[in-house]
1. Taking amide H positions as placed 1.01 Å from N in the peptide plane, with prolines and chain starts having none, which residues 5 or more places from Thr161, or on another chain, fall under 5 Å of its amide H?
2. Report the antiparallel proportion of the DSSP beta bridges in the chain as a percent, rounded to a multiple of 5.
3. As I understand it, the dipole of region 127-254 uses +1 on the Cβ of Lys and Arg and -1 on the Cβ of Asp and Glu, about the Cα centre. Which of Asn224, Leu146, Phe239 lies farthest toward its positive end?
4. How many percent of all Cα-Cα pairs in the chain sit more than 29 Å apart?
5. How large is ³J(HN,Hα), in whole Hz, for each residue of region 7-12 in order, when computed from phi with the Karplus curve 6.51 cos²θ - 1.76 cosθ + 1.60 and θ = phi - 60°, using x for Gly and Pro?
6. By how many nm would the segment from Ile62 to Phe239 grow when fully extended, if each residue of separation counts as 0.36 nm and the alpha-carbon distance is taken off?
7. Please give the charge dipole size of region 103-277, origin at the Cα centre, charges +1 on K and R Cβ atoms and -1 on D and E Cβ atoms. Round to the nearest 20 debye.
8. Excluding Lys179 itself, what net charge comes from residues whose Cβ is under 9 Å from its Cβ, given Lys and Arg +1 and Asp and Glu -1?
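Values quoted throughout were computed directly from the atomic coordinates according to the rules given, and no laboratory measurement underlies them. Remember, it's a predicted structure, so these values are computed and weren't measured experimentally. Here the Cβ positions follow ideal geometry from the backbone for every residue, glycine too, while neighbour counts run over all protein chains shown.
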Amino acid sequence: MVLNILKKRIEKKELNETEKKIAEYFQNQVNNLYFLTSREMAKELEISDTSIIRFVKSLGFINFTEFRKELLKNINSKKITPNDKLSKNKNLLNNDKVLNSFIENFERNILKIFIDNSMVKIEETVKLLIGAKKKYVVGFKSTSGLASFFGLRLSFILKNTKTYSENSSELMSDMIDIKKDDCLFLIAYPKYSKTYELIIEIAKEKNAKVIVITDKTTSPVVRNSDIVFFLEISSISYFNSLISAQVLLEYLLTNISGRIGVVEQKRLSLINEYLEKNL
């Protein structure tokens, strides 16, 4: 795979301080390298984009464009079946190792949330959700539980929040009315629904903002989205891990809850009061 080749080329080079900074960034931003521009990388690293381009050329690429094309061309598109995952992780699932392996994978996935996604992006998301007139929270199949969790709790502190945890005619009917000051919040993991691309298209036609949580840069929901969070879904078993998304969603809710005003706090208290009476 090209990323392994890239790693070997970097290891062979004697790096100066700036190059070390770029090399470390490449390793930490594996999920983002496919679509970031040299300027975007340079901005995050607080160096010139010329330094990025020069470093890429020193690794044997003609220019930055060729570098990105090679990355895209070599994306591993092989589908891994649940049985493949079990076979691959057989050693980790040994009774003597499974607990430590699980904890290590858990910690690695959590840590990558804040390595692969900047706090600037998180801050922008919080402000966007608070400022949006209407919030449409969407997630089907494997992400339906995440959408239900986030949408419900977001509705307690921010009014005009609707949740769609299944593909329904109601979703399409409501999406037609999305407006410029509204926000679509989408959680999309494999297998991706074709409806995801359609509702993003509708939202963008109405100039609404689109926030997406997904697993990789080749995900069909990345294109045309305003903010994209790339989260690790690897597990040591046969299924995709949802823990990274759960943690990010809880962090967003926690962050937003610390910024709500008196009106929202009273609303939350009233909701809680009625929920208690409804037990």
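1. Those qualifying (amide H under 5 Å, at least 5 residues apart or on another chain) are Lys135.
2. Here the antiparallel bridges make up roughly 0 percent for the chain.
3. Farthest along the dipole direction, towards plus: Asn224.
4. Numbers: 16641 of 38781 pairs.
That fraction is 43 percent.
5. Coupling constants for region 7-12: 4, 5, 5, 5, 5, 7 Hz.
6. Working: separation 177, 0.36 × 177 = 63.72 nm, distance 3.98 nm.
Answer, rounded to one decimal: 59.7 nm.
7. On the way: 24 positive and 21 negative charges, 78 e Å.
Here region 103-277 has a charge dipole of around 380 debye.
8. Details: positive: Lys133, Lys134, Lys180, Lys206; negative: Asp177, Asp181, Asp182.
With Lys, Arg at +1 and Asp, Glu at -1, the net is +1.
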